[in-house]
1. Please state which of the following conditions S106 fails to meet, knowing it meets all the rest: (1) within 12 Å of the ligand (Cβ to nearest atom); (2) out of contact with any strand residue (DSSP E or B) (no Cβ under 8 Å at 6 or more places or on another chain).
2. Being within 24 Å of Y213 (Cβ to Cβ) and not in a loop (DSSP other than H, G, I, E, B) is the filter here, so list the residues in segment 131-143 that pass it.
3. I need the full set of residues from segment 63-78 which are under 29 Å from the mean Cα position of the chain (by Cα), among the small types (G, A, S) and not in a loop (DSSP other than H, G, I, E, B), in order please.
4. Quick one: what pairs do we get from segment 89-105, first residue among the basic types (K, R), second surrounded by 20 or more Cβ atoms within 10 Å (Cβ to Cβ), C-beta under 8 Å, 6+ apart or different chains?
5. Quick one: in segment 240-253, of everything that is of a type in the set (A, V, I, L, M, F, W, C) and under 22 Å from the mean Cα position of the chain (by Cα), which residue is farthest from L176 (Cα to Cα)?
6. Working carefully through the options D160, D121, D153, find the one that is more than 13 Å from the ligand (Cβ to nearest atom) and over 21 Å from the mean Cα position of the chain (by Cα).
7. Being farther than 24 Å from E61 by Cα and either of a type in the set (S, T, N, Q) or open to solvent by 50 Å² or more (accessible area, probe 1.4 Å) (or both) is the requirement here; does N278 meet it?
8. Which condition does S272 not pass, out of (1) open to solvent by 50 Å² or more (accessible area, probe 1.4 Å); (2) touching a residue at least 40 places away in the same chain (Cβ under 8 Å), if it passes all the others?
Amino acid sequence: MQDHLTRRGFVRAAAAGSAALTWLGARRAPTVFAAEAGKPALLGGTPVHQGGWPGWPEWRESWEPKIVDVLRSGRWSSSSGGGHVAEFEAAYAKLHGAKRCVTTASGTTALLTALHVMGVDAGDEVIVSPYTFIATYNVCLMHKALPVFADTDPATFTMDPASIESRITDRTRAVLPVHIYGIPCDMDPINAIAKKRGLAVVEDACQAWLGEYKGSKCGTLGDLGCFSFQNSKHIPSGEGGAVTGNSDELLDRCQAYHNCGRSSGTFKGSGSFSRGTNYRMTHYQAALLLQQIDKLVTETERRRENGDYLTAGLKEIPGVEPVRLPENSRAVWHLYAFRYNPSEFNGLTRDQFRKALNAEGIPARGGYHEQYNDGLIDEAINSRGFQRLFSAERLKAYRDSFQELKGNRQVCETMVGLFNTVLLADRSDMDHILEAIRKIHAHSAALVA
Ligand SMILES: Cc1ncc(COP(=O)(O)O)c(C=O)c1O
């Protein structure tokens, strides 16, 4: 049976965003690239990129028999162990160089499991990356712990290790760095602080399948690592997640917790059951995931090659700054992200820049905003539970501390991203992206007017 892809639709850009911020001030007068003198599409010119971009998710006909086999077997749940779920857990652990893996129903439930196993409890505090999907905040809140935000390093988009220590209190139990967009955090200093202060490290690797830091994979750098296989992810199963790690003791606990608290391996709990819940993956999900491992490996390489190419090209254009990766690390680009400086584009705002890029056929989008100001945190800390667990002084100081997240604000206001499927396109398509940015740069004065 011939493999073929289902969707190759145009990826539409999300256009929402806030006013742009200058992070470096005007460094030099905008440079005009003569080669890109063609009129911008927004002003009636011809778009640089015509045609589509790869769509997502993709499926192949060759995957169907395994899914149908699960259907016909009647063995859909993984509650009794074995089957595709166990097979995928072994394969995924091997792929990441981890000793073990426990699959879960989602990335959120992987994080909930890992935090529980690392002992995060009601009234604790967890040091968290603020620049992340909202689930990272919520998993702390669901354990009735405060997500205390470290600042984001504007150059790397990840947790600034220098901002961690000042936020540690006698309630701090764990650090939760996020390898956002598949950009590895600088884990050495994070682990060193955690070790010195007796804190657990749970990696949110929900966007970082196969990300690498100093020869090891994301998800194996702390005590436990958490992954998501949600629909948009590089290895999707609709919903799904995993916890990885190298300690049998911790992974036995994860297995028990996500399986209704049933004893597992060396972990007996207090009798047959300990506190736990049902966060199990189904065999359908695992059958889908097992068949995507090779695809993930091949596509990760392609995203990297195209990402490196874009990074080299962007460095030549004033006003767009690629992400700085930690030494000896490799990102996997769930979004290819860079920072935009309007002062190099005659004051063209980030929104206008994105609109101009979209008009050129390049689907550009903004990233996360300052979600801690949105109301979720206020709702939580005003709840009866949090008010019982924390003093009014602590909650006020905690809420006030959001103003100190200057690096994070800068990233929220300047980030521009390209969805990962764009990086699965051809090298000539990467040239279109760079050409479109150079064109907008050359015509920025006209676009502002
Ligand atoms: C950084 C991050 N953390 C956590 C999650 C939660 O994963 P899930 O949606 O599978 O529950 C996601 C998913 O988008 C994520 O991107």
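1. Condition not satisfied by S106: (2).
2. A135, T136, Y137, V139, C140
3. Correct list: S77 only.
4. That search, which allows pairs on different chains as well, returns K99/A93; K99/G245; K99/L251; R100/E89; R100/A93; R100/T244; R100/G245; R100/L251.
5. A242
6. Answer to the check: D121.
7. Values: farther than 24 Å from E61 by Cα: yes; either of a type in the set (S, T, N, Q) or open to solvent by 50 Å² or more (accessible area, probe 1.4 Å) (or both): yes.
When the stated conditions are applied, N278 passes them.
8. Looking at each condition in turn, S272 falls short on (2).
The values are calculated or read from the model by the stated rules, or taken from the named source; none is laboratory data. No experiment lies behind these values; they were computed from the predicted model shown. Note that each Cβ is placed from the backbone with ideal geometry, even for glycine, and that neighbours are counted across all protein chains shown. We work out accessible area using only protein heavy atoms, side chains counted, and drop any ligands, DNA or RNA first. Shrake-Rupley method; radii C 1.70, N 1.55, O 1.52, S 1.80 Å.
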